[in-house]
Every structure is written in C-alpha cells, then in structure tokens.
Amino acid sequence: MRPIKFRGITTSTPHRWVYGDLIHSDKTGACCILPTEKDWMTEYEYVIPETIGQFTGLYDNNWKEVWEGDKARNKANRIVTIVFMDGAFLIKFSGGHVDVLCDYIHELTVIGTIHDKLLKGG
C-alpha cells in the first residue's frame, strides 16, 4: 500500500514546499498541511490551494518521488505532466492526450513542477 501524503506551496514568503497531511476548512476554504516529518514544527502551514498535489506512490528513473503536478521527461525527450483525473494518476502529453502513469513510469525523469515559477518569485 502506498503512503498517502500531500505537498503544497506555503502562502508565507518566501514560498516553499511543505509535505504532510492535508487539512481543508469548509468554513473558510483555507487549505493547510500538517507536516509529518520529525524535523518540522508541529503546527500546520497554510498553502496555496492550486499548488496542492498528492504523492503517486511511484518513483522515477532516479528514485525521485513522483507527485501530482510534476513535469517529467520521457525517453522520447517529450515533456509530460503528472495529473490526477477520473480517480487515477495519469500523464498528460503536450497535445492533451492522457495515458496511465504506471505504464510509463519506467521511462520518466522528473524535471520540475508546474509551480516552479511561483517558487522562484515569478
């Protein structure tokens, strides 16, 4: 069974990734992540809702965790995006075509995320 964990970019400045359990408030609409790593503070962190992604449970060619929202390069040198749709993790090609992630995981190398500009202040 794969670990269920989430990540999101903090609303605080400078923006940074935080990893852990997802908390969503129905009253305010705020999204938070409660860090699960022992080194982190025990308080939750507010995150930008659009940046929340879930761990797929899979690893790329370099044994790097693959997350929803990651960008990866396949063996044909095409850039794909990891998405969650219809209850499954998929890869989305630039033309819009989607396919099952686990069928391609052996040929992917994560190269960044769809949110990299936000982390760099852009």
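Rule-based calculations on the coordinates, nothing more; no lab input. These numbers were taken from a predicted model, which means no experiment stands behind them. Cβ coordinates were reconstructed from backbone atoms using ideal geometry, including for glycine residues, and neighbour counts include every protein chain displayed.
Below are the figures for this structure:
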read-out: Angstrom value of the Kirkwood radius, inverse mean 1/r, which spans all Cα pairs in the range 56-119; value: 11.6
read-out: Distance histogram in 5 Å bins (all Cα pairs of the chain, percent per bin); value: 2, 11, 20, 21, 19, 14, 8, 3, 1, 0
read-out: Neighbour net charge for Ile79 - beta-carbon separation under 14 angstrom, K R +1, D E -1; value: +1
read-out: Most mobile of Asp26, Asp70, Asp60 in a GNM of the chain (Cα contacts under 10 Å); value: Asp26
read-out: Full-extension gain in nm, Lys117 to Tyr46, via 0.36 nm per residue minus C-alpha separation; value: 23.7 nm
read-out: Extension gain (nm, one decimal) between Leu34 and Asp21, 0.36 nm per residue minus Cα-Cα; value: 4.2 nm
read-out: Relative exposure of Arg7, Arg2, Arg78, judged by other C-beta atoms within 10 Å (fewest first); value: Arg2, Arg78, Arg7
read-out: Under the Debye formula (equal points on every Cα, no solvent term), log10 I(q)/I(0) of the range 1-65 at q = 0.24, 0.26 Å⁻¹; value: -1.05, -1.15
read-out: Likely footprinting exposure, Lys71, Lys27, Lys117, fewest C-beta neighbours within 10 Å first; value: Lys27, Lys117, Lys71
read-out: Proximal aspartates and glutamates relative to Lys75, as straight alpha-carbon distance under 19 Å, when same-chain residues fewer than 8 apart are discounted; value: Asp60, Glu65, Asp99, Asp103, Glu107
read-out: Stretchable slack from Asp103 to Thr11, in nm (0.36 nm times residue separation minus alpha-carbon distance); value: 29.6 nm
read-out: Those GluC sites (Glu not before Pro) in the range 39-98 that DSSP places in a loop and that have at most 14 other beta carbons within 10 Å; value: Glu43
